[in-house]
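Everything below concerns the one structure shown next.
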Amino acid sequence: MALLRCDFFSDVLGLSTSMTVILPQATTQQIGMTGAAPAGPPPVLYLLHGLSDDATIWTRRTSIERYVADRGLAVVMPQVDRSFYVDEHQGNRYGTFLMDELPQVVGQLFRVSDRREDTFVAGLSMGGYGAMRWALSRPDRFAAAASLSGALDVAWLQEDGDMPELLQRVFGSAPLRGTDHDLLALLEGADATSLPRLYATCGTDDPLLAQQESFARAADRAGADLTRDVRPGAHDWAFWDATIQDVLAWLPLRDRAAAVPSS
């Protein structure tokens with residue numbers, strides 16, 4: 001694998017920002033692991049960070065590089081501060097950056113597939129919300145989307161009064177229920193046949209479990225293809241290091257047989 005920190009300028013944000021990128025490499029001489037790469041441009045997973053994190057956190061807190069080494073999968077981990085991956089009410093246009101500009105930049109800088117069937121998104125906590133919102137807003141882009149301990153009901157967060165200053169800065173003061181920030185509303189208005197496969201996992205000791213359950217019920221009503229995984233665990237990296245491995249195993253990677261190391 002190749003592990004890169006990429007510093008680049010965003011026209012949408014009007015500033016320099018960063019992403020961490022893992023690129024597949026076919027290898028045979030590494031001790032303890034084998035790298036694989038497909039014959040053509042590799043599939044890509046956009047992997048999103050949580051509220052208190054940055055573009056480096058997945059590589060610092062999990063073994064994501066090792067987990068994808070034999071899968072021939074590229075991983076792109078962008079940085080969006082505490083924006084919930086939306087165009088902030090008082091701040092910057094991180095939603096536009098994520099959904100429109102970032103894939104273009106990735107395509108310009110790296111040799112990765114741009115096919116829907118090869119493109120996936122996942123994230124934890126705030127990033128779980130960002131992953132699902134991106135997938136539900138742009139279902140033509142992704143074959144699969146996953147949330148790990150996701151904040152999947154931001155309208156509930158607003159109504160519950162948790163983090164009021166942050167939520168007002170990001171979303172404004174208008175009610176979020178029923179808007180395009182509301183994942184439940186996006187599911188309600190979706191054509192289930194056009195949606196990617198969805199995966200949502202959360203620990204039984206996680207305070208966000210109730211939000212996942214609300215999301216799961218909305219997905220059921222919408223007829224979405226949702227894999228729901230609830231297991232013992234908390235809102236912590238022990239849980240996310242374990243469940244990201246299950247998410248990777250669940251991804252519908254194509255041509256896995258072609259992703260073998262060169263001799």
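What to note about this one:
- Gained length - ASP205 relative to ASP114, 0.36 nm times residue gap less alpha-carbon distance: 29.0 nm
- Legend: P(r) of the range 165-263 from all alpha carbon pair distances, 5 Å bins from 0, whole percents, reading 2, 10, 16, 16, 17, 17, 11, 5, 3, 2, 1, 0.
- Cβ-based net charge around VAL112, under 14 Å, with every Lys or Arg adding one and every Asp or Glu removing one: +3
- Counting neighbouring Cβ atoms within 10 Å and putting the fewest first, the residues ASP225, ASP87, ASP153 line up as ASP225, ASP87, ASP153.
- For the pair TRP237 and ASP180, label points projected 7 Å from Cα toward Cβ lie 3.6 nm apart.
- With semi-axes defined as the square roots of five times the eigenvalues of the C-alpha gyration tensor, the equivalent ellipsoid of the chain measures 29, 20, 17 Å, largest first.
- Unit charges at the beta carbon, dipole of the range 2-258: most positive-side option, CYS6, PHE215, LEU184: CYS6
- Candidates THR28, TYR129, THR62 compared by Cα position along the dipole of the chain: farthest toward the positive end lies THR28, with charges placed on Cβ.
- Once the Cα-Cα distance is subtracted from the 0.36 nm per residue extended length, the ASP220 to LEU166 segment shows a gain of 16.4 nm.
- Under the combined filter of DSSP loop state and at most 14 neighbouring Cβ atoms within 10 Å, the range 1-110 retains none of its chymotrypsin sites (Phe, Trp or Tyr not before Pro).
- Each Lys and Arg Cβ is given +1 and each Asp and Glu Cβ -1; about its Cα centre, the chain then shows a dipole of about 760 debye.
- Residues MET132, MET33, sorted so that the one with the fewest Cβ neighbours within 10 Å comes first: MET33, MET132
- The distance linking the range 32-91 with the range 94-168 is 12 Å (Cα centroid to Cα centroid, whole angstrom).
- Whole-number percent relative contact order across the range 1-119, with pairs defined as alpha carbons under 8 Å at least 6 apart: 28 percent
- Rg/Rh (Cα only; Kirkwood hydrodynamic radius) as it applies to the range 103-250: 0.97
- By average C-beta atoms within 10 angstrom, highest first, the peptides 179-186, 232-239: 179-186, 232-239
Every read-out reported here was derived from the displayed coordinates using simple, explicitly stated rules and does not represent laboratory data. Source: prediction; values computed, not measured. No Cβ is skipped: glycine too gets one built from the backbone with ideal geometry, and neighbour counts run over all protein chains shown.
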